[in-house]
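The values are calculated or read from the model by the stated rules, or taken from the named source; none is laboratory data. Small disclaimer: the values here were computed from a predicted structure and weren't measured. Note: ideal-geometry Cβ built from the backbone for every residue, glycine included; neighbour counts use all protein chains shown. When the accessible area is computed, the model is the full protein with side chains, heavy atoms only, and any ligands, DNA or RNA have been set aside. Shrake-Rupley method; radii C 1.70, N 1.55, O 1.52, S 1.80 Å.
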Amino acid sequence: MHKELNPELFGEKKAVKTPLMDTGMYSGAAGAQASSGNYLNTDRQIFELKAQNQALADQMNKVVATVNELIKTSNMKFDKQASLVSRLEQSHNGLATEAGQKITQLAQRVNERKSLDLKVQEMVDRHNNVIKSFEVRMNHLQKLLAEKEAQMISSQAALNEAKMEIARLKRL
């Protein structure tokens, strides 16, 4: 048993061959009938092919319309994304500029603070030098005071002795 696809399945029609056609021995009436059958078959095939072409053209038009709509939608989305990216870039640039300015201001403040710290340290060092100098002078003055006190005590003792000597001389 030999299997064969139905030729009408894909819109193709098999030309019917008659034994007369094969041999080439058909007469005028039989040939005209077979010829008009072939023309009808061919006309029907052409009509079916035109219908299929029209259906394919309609489908293609629908696909083209769908693709155009998708392209339009995609372009709109790309434009939105581009504007969002542009806004983000502007925002980023603004933030970067602002951050740079703040960092510069902070660096200036740190430098000013260091400068002030150095000045304060110099003042503290000078103050410490003044205090040391004052301590040295104070120690020197304390020594002088102690010497003068000793001199005063010895002078007081000499004065007391002189008073006693005067009082004794007065009694005599």
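Points to keep in mind about this one:
- Condition met for R168 (surrounded by fewer than 10 Cβ atoms within 10 Å (Cβ to Cβ), free of Cβ contacts under 8 Å to residues at least 60 places away in the same chain and on the phi < 0 side of the Ramachandran plot): yes
So that you can scan it fast, the table gives a plain yes or no per residue for (1) open to solvent by 100 Å² or more (accessible area, probe 1.4 Å); (2) small (G, A, S); (3) modelled with pLDDT under 95; (4) in a helix (DSSP H, G or I):
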| position | (1), (2), (3), (4) |
| --- | --- |
| Q101 | yes, no, no, yes |
| N111 | no, no, no, yes |
| L118 | yes, no, no, yes |
| H127 | yes, no, no, yes |
| S133 | no, yes, no, yes |
| R137 | yes, no, no, yes |
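- Taken together, the residues in the stretch 139-158 that are aliphatic (A, V, I, L, M) and open to solvent by 90 Å² or more (accessible area, probe 1.4 Å) amount to 4.
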